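For reference, the structure discussed in these notes is given below.
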Amino acid sequence: MTSTFLGLPTVAATDTEHLRGEPFPVAARRALADGQLRANLGRATRTIRAKRQAVVDEVDDWQELREAGRALKAATMARLDEHLEQLEAAVTARGGTVHWARDAAEANAVVTELVRATGSDEVVKVKSMATQEIGLNEALASAGIAALETDLAELIVQLGNDRPSHILVPAIHRNRAEIREIFRREMPGVDPDLTDDPRQLAMAARRFLRSKFLSARVAVSGANFAVAETGTLAVVESEGNGRMCLTLPQTLITVMGIEKLVPAWQDLEVFLQLLPRSSTGERMNPYTSMWTGVTPGDGPQDVHLVLLDNGRTATLADEVGREALHCIRCSACLNVCPVYERVGGHAYGSVYPGPIGAVLSPQLTGVEQNATLPYASSLCGACLDVCPVKIDIPSLLVHLRAQHVEQHRATHRLPSPEAVTMAAAGWVMGDERRFAAAQRAGGAGRLLGGRRGVIATLPPPLAGWTSSRDLPAPPAESFRAWWRRTRGEVS
Amino acid sequence: MTSGGVTARDEVLGRVRAALGELRGTLPGVPRSYHGAGAGPVDLDLLVDRLRDYHALVRTNGDGHTVAGLLADAVRERGARSFVVPAGVPPAWLEALGSGVLVDDGTLTPVDLDAVDGVVTGCALAIAETGTIVLDASADQGRRLLSLVPDYHLCVVREEDVVATVPDAVARLDPTRPLTWISGPSATSDIELERVEGVHGPRTLEVILVPAAADPRPPSTPGQSSEAPVQS
């Protein structure tokens, strides 16, 4: 079915700075010219694809787990309001405080106020997509509060004044030599003789962050899962920086999108199998921390949870598009995507890159704000094959393209190039004689083909189609002509 | 926070209800045809294999050692001088660890713990399939920071506390307790996705796997898995 998406009472994110950038074709063209970037990405994604495949192959009920994961997320969304209220009640009953935020600005204001109340002007942070999305670090900085990223890749991005380019490994676009240079330039007190050995680089980060952890009074985290039934929050990580932040400070502030719930404690038995194998390609990630409100005498005694909308309810309003909210941020779809592997995460202009980003970001911002992302895919389907909760990303992309074309038609006098081309193709292919004539005429198109047999630019009015696509030059002989020549007349 | 008199809470919940429309509350079925809790036997060799695969050290009592003997061996070989233990560890462990032991009384700070060489704890359970140990802050495991700050974590796992799979673990754990799932030493793959072990958590994880008979405990300090760590 197609659903129209106009005039619903939900609101897309208003502050979209971290969810959209320049048009994808422009950014992609620049990224494709960067050979170093492509080499770094190719190497890293090849490694992680092989690791994932090996540990997924070990699990003989993988498909059953995926189906359960998909269904659990659908069930979560169907009663999201009830689950949120249940979560709030459970967290509150265990001594935590729950806050709600309609958008990025409101979430940032809540967190800033909570940090101010502690008197601290510094926070340590666990890697969190939600706080990236709302630009929390910048908001805290403008309030005079320094936010220190403690995940190694996030630290590399932060010290390098860079932007994250991958959901799991935000510095995937950097190789070891580049990271050494960033550390030598930006890390206070670093050994100037630091080599580019990954172990040495990781140890440099350990030394730099150790004193920060031991003295930190406030931490900010995201959450991988929240259990509505019990009020339990979970953070899945590898380095131990998460445990440091979740355990040592007095105050813990967790920012979480409203879609990250699971209904029941038992449901984690599914996701704790799906996530690590899909994400880092491990049977289990080194550390998972779970906490339910406040535990007297153990860990932070001042515990907050900020529930963030920021365009999620607008996404939920689209019966087809809401499936993007099922995402558990494993990033397997990035690692298998031929487009992501070549252009990298920055080209998507959003903190959510890759296939899932191409369906999530435009829905969070509204499609018209992010119109090129649904086209940033060849629709090959590899993302659906690896998605641990079976999000049908190719169908969502097509759905969003249709929305874009519809909205374009509603707001522009001239239809979009895709609409023109598809309408023309429909007219030609709808009649056998027209189709045969077009194929004969198509032979002339060979004149436009370059040496590689592709047409890089069609003449107007068809130039819109080739502005971000190459078109194969038509063959010298159509299939129908070949059949007629070798097998006689078409019956 | 309010704007125009409507709280953020009410507005977000209202948006959710509006977004769901007539479909709200319909509950799609959840097929649980995967292997659930109790589906298979516990394989101790698999646990040892999976722990070692992620570079945890493992000692078993193949030659009939008690846990005290294995602890003493581990400490001697490690060359660690100072240890911290939670308040509820069995007396036999304390004897094996010798004089350099600090018992957590709830006041040790992260800086204090940074100065000790290692920590010895029990665990709530271990998962064979994934090589994971889970701590739930029971008396023999203590506060979460104990097993985090020191660089060497020595963990006693009783064979009776090993479960086969993740669903088995979830079925046995109490989510209202603070839980720490540990699979090998801390690690990162953030540089070119190459795994480097030992970042912020303990750089060495050593597991002592023994039958309960080799880890005698006075009646007052059995697993204590149902007691809160510190009740205020």
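The values are calculated or read from the model by the stated rules, or taken from the named source; none is laboratory data. Small disclaimer: the values here were computed from a predicted structure and weren't measured. Please note: Cβ atoms are built from the backbone with ideal geometry, for glycine as well, and neighbour counts cover all protein chains shown.
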**Message:** With the requirement that a residue be part of a loop (DSSP other than H, G, I, E, B) and either surrounded by 23 or more Cβ atoms within 10 Å (Cβ to Cβ) or of a type outside the set (A, V, I, L, M) (or both), what does the stretch A:114-152 give you?
**Reply:** A:GLY119, A:SER120, A:ASP121, A:VAL126, A:LYS127, A:SER128, A:GLY135, A:GLY144, A:THR150, A:ASP151
**Message:** If I filter the stretch B:44-59 down to residues being within 26 Å of A:ASP267 (Cβ to Cβ) and outside any loop (DSSP other than H, G, I, E, B), which single residue comes out as nearest to the other protein chains (Cβ to nearest Cβ)?
**Reply:** B:ARG50
**Fill in**
Among (1) within 7 Å of another protein chain (Cβ to nearest Cβ); (2) under 28 Å from the mean Cα position of the chain (by Cα), B:VAL12 falls short only on (2)
**Matching residues in the stretch B:191-205 - criterion: being among the aliphatic types (A, V, I, L, M) and over 15 Å from B:VAL119 (Cα atoms)** = B:ILE191, B:LEU193, B:VAL196, B:VAL199
**Residues satisfying the stated conditions in the stretch B:1-43, i.e. touching a Phe, Trp or Tyr at 6+ places or on another chain (Cβ under 9 Å), modelled with pLDDT of 90 or more and in a loop (DSSP other than H, G, I, E, B)** = B:TYR34
**Looking only at the stretch A:178-208, and only at residues there that are within 10 Å of another protein chain (Cβ to nearest Cβ) and aliphatic (A, V, I, L, M), the one that is surrounded by the fewest Cβ atoms within 10 Å (Cβ to Cβ)** = A:MET203
**Asked** Among the residues of the stretch A:17-43, which ones are crowded, with 19+ Cβ neighbours inside 10 Å and either within 14 Å of another protein chain (Cβ to nearest Cβ) or touching an Asp or Glu at 6+ places or on another chain (Cβ under 9 Å) (or both)?
**Response** A:HIS18, A:LEU19, A:LEU37, A:ASN40, A:LEU41
**Request:** Name every residue in the stretch A:98-133 that is more than 14 Å from chain B (Cβ to nearest Cβ), among the β-branched types (Val, Ile, Thr) and either within 30 Å of A:VAL169 (Cβ to Cβ) or within 25 Å of the chain's Cα centre (by Cα) (or both), in order of residue number.
**Result:** A:VAL115, A:VAL123, A:THR131
**Test: B:LEU113 is within 13 Å of chain A (Cβ to nearest Cβ) and either assigned to a loop (DSSP other than H, G, I, E, B) or touching a residue at least 60 places away in the same chain (Cβ under 8 Å) (or both)** = no
**Count of residues meeting criterion [within 20 Å of the chain's Cα centre (by Cα) and either at the interface with chain B (Cβ under 10 Å from one of its Cβ atoms) or under 13 Å from B:SER183 (Cα atoms) (or both)] in the stretch A:262-272** = 2
**Every residue from the stretch A:44-97 that is of a type in the set (Asp, Glu) and either more than 7 Å from chain B (Cβ to nearest Cβ) or out of contact with any Pro (no Cβ under 8 Å at 6 or more places or on another chain) (or both)** = A:ASP57, A:GLU58, A:ASP60, A:ASP61, A:ASP81, A:GLU82, A:GLU85, A:GLU88
**Request:** Kindly indicate whether B:THR176 is of a type in the set (Ser, Thr, Tyr) and either in a helix (DSSP H, G or I) or surrounded by fewer than 24 Cβ atoms within 10 Å (Cβ to Cβ) (or both).
**Result:** yes
**Request:** Quickly run through the stretch B:151-163 and pick out the residues that are touching a Gly at 6+ places or on another chain (Cβ under 8 Å) and within 12 Å of another protein chain (Cβ to nearest Cβ).
**Result:** B:ASP151, B:HIS153
**Asked** Among the numbered criteria (1) in contact (Cβ under 8 Å) with a residue 12 or more places away in the chain; (2) surrounded by 15 or more Cβ atoms within 10 Å (Cβ to Cβ); (3) not hydrophobic (A, V, I, L, M, F, W, C), which single criterion is violated by B:ASP73?
**Response** (2)
